[in-house]
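Data first, discussion second: the structure below is written as structure tokens.
The values are calculated or read from the model by the stated rules, or taken from the named source; none is laboratory data. Note that the coordinates shown come from a computational prediction; the quantities given were computed from them, not determined experimentally. Cβ placement follows ideal geometry from the backbone for every residue including glycine, while neighbour counts extend to all protein chains displayed.
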């Protein structure tokens, strides 16, 4: 049977997608498999690509050795605080740039976008000096407040609010609705999809931060999960990779839960952005 060109193209596309999914998922699947194996099972050659018998012991050792309870709490608290802070400031900034007229509005908006072009390493020295002057080193203030401003969030909500008909704002103004009431009761409900999408993106972004927490949080009680996983590797003895992978799996659970909860909002938000 001779296949049509369209059928061959579809088969090739699906094979490529399956290959890409396999390449992306294999490290995660391998980490989960190794986290269940004992040291003997892990060092077996050829590698054992099946679940092992050391699951409970590995996770228990990773939890106690790496003090992961405190680290997971720190990472979760910091990620939640930053994500919510970014959303609040971005909504207010986007609302101000659309519905208020003030001198230098375009200039300030351009300057906000320029900050998005500066990578974190470029800003790290002046930000660290600022945190030192404020005496915020080894505090949650230093781990959260510098990330509150978001050029991406400001742009996202500004573009969304520009799509809202001006007649809606005019009608609200005639009815005596104050600006903050208009924002809270009308604009924010319209923004729910974008809020959820931005929350997901920012939560995962902050969760994966390594460089800034490494510099600004030297105290053990202020460290985050990424630093804790690195400490499981930095040992004088041979690295127990099965325990390290157990800690890695525990570190993947909170962002995975957030991804599952908000994935539909992310997809919907991106599709709406494309339509606009």
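Quickly run through the range 152-179 and pick out the residues that are loosely packed, with under 14 Cβ neighbours inside 10 Å and assigned to a helix (DSSP H, G or I).
Answer for the range 152-179, where residues must be loosely packed, with under 14 Cβ neighbours inside 10 Å and assigned to a helix (DSSP H, G or I): 162, 166, 167, 168, 170, 171, 173, 174.
Looking at the structure I just gave you, is residue 70 free of Cβ contacts under 8 Å to residues at least 24 places away in the same chain, assigned to a helix (DSSP H, G or I) and more than 30 Å from residue 166 (Cα to Cα)?
It is false that residue 70 is free of Cβ contacts under 8 Å to residues at least 24 places away in the same chain, assigned to a helix (DSSP H, G or I) and more than 30 Å from residue 166 (Cα to Cα).
Does residue 29 qualify as being exposed (fewer than 13 other Cβ atoms within 10 Å of the Cβ), within 15 Å of residue 245 (Cα to Cα) and out of contact with any strand residue (DSSP E or B) (no Cβ under 6 Å at 6 or more places or on another chain)?
Against the criterion (exposed (fewer than 13 other Cβ atoms within 10 Å of the Cβ), within 15 Å of residue 245 (Cα to Cα) and out of contact with any strand residue (DSSP E or B) (no Cβ under 6 Å at 6 or more places or on another chain)), residue 29 qualifies.
Collect the residues in the range 204-225 that are closer than 15 Å to residue 73 by Cβ and in contact with a helix residue (DSSP H, G or I) (Cβ under 7 Å, 6 or more places away or on another chain), keeping them in residue-number order.
206, 207, 213, 217, 221, 222, 223, 224, 225
For the range 225-234, how many residues meet the condition of being crowded, with 19+ Cβ neighbours inside 10 Å and more than 19 Å from the chain's Cα centre (by Cα)?
Within the range 225-234, residues that are crowded, with 19+ Cβ neighbours inside 10 Å and more than 19 Å from the chain's Cα centre (by Cα) number 1.
Can you say whether residue 112 is modelled with pLDDT under 90, surrounded by 13 or more Cβ atoms within 10 Å (Cβ to Cβ) and farther than 24 Å from residue 177 by Cα, as far as the supplied structure shows?
Yes, satisfied.
Is it true that residue 222 is within 19 Å of residue 58 (Cβ to Cβ), modelled with pLDDT of 90 or more and surrounded by 19 or more Cβ atoms within 10 Å (Cβ to Cβ)?
Judged against the criteria, residue 222 is not a match.
Looking at the structure I just gave you, is residue 266 assigned to a helix (DSSP H, G or I), out of contact with any helix residue (DSSP H, G or I) (no Cβ under 6 Å at 6 or more places or on another chain) and either under 25 Å from residue 27 (Cα atoms) or at pLDDT below 90 (or both)?
In short, no.
Given 149, 197, which one is out of contact with any strand residue (DSSP E or B) (no Cβ under 9 Å at 6 or more places or on another chain), surrounded by 13 or more Cβ atoms within 10 Å (Cβ to Cβ) and not in a helix (DSSP H, G or I)?
149
Being free of Cβ contacts under 8 Å to residues at least 12 places away in the same chain and either surrounded by fewer than 16 Cβ atoms within 10 Å (Cβ to Cβ) or assigned to a helix (DSSP H, G or I) (or both) is the requirement here; does residue 40 meet it?
yes
Give the residues of the range 131-146 that are part of a helix (DSSP H, G or I) and touching a residue at least 12 places away in the same chain (Cβ under 8 Å), sorted by residue number. First the steps, then the outcome.
Looking only at the range 131-146, we keep the residues that are part of a helix (DSSP H, G or I), and these are 131-133, 140-146.
Passing the criteria: 131, 140, 142, 143, 144, 145, 146.
Kindly establish whether residue 7 is assigned to a helix (DSSP H, G or I) and either modelled with pLDDT under 85 or more than 21 Å from residue 227 (Cα to Cα) (or both).
Against the criterion (assigned to a helix (DSSP H, G or I) and either modelled with pLDDT under 85 or more than 21 Å from residue 227 (Cα to Cα) (or both)), residue 7 qualifies.
Part of a helix (DSSP H, G or I) and either in contact (Cβ under 8 Å) with a residue 60 or more places away in the chain or exposed (fewer than 14 other Cβ atoms within 10 Å of the Cβ) (or both): is that true of residue 45 in this structure? It would help to see each step written out before you state the result.
Values: part of a helix (DSSP H, G or I): no; either in contact (Cβ under 8 Å) with a residue 60 or more places away in the chain or exposed (fewer than 14 other Cβ atoms within 10 Å of the Cβ) (or both): yes.
Considered against the rule, which asks whether it is part of a helix (DSSP H, G or I) and either in contact (Cβ under 8 Å) with a residue 60 or more places away in the chain or exposed (fewer than 14 other Cβ atoms within 10 Å of the Cβ) (or both), residue 45 comes out as no.
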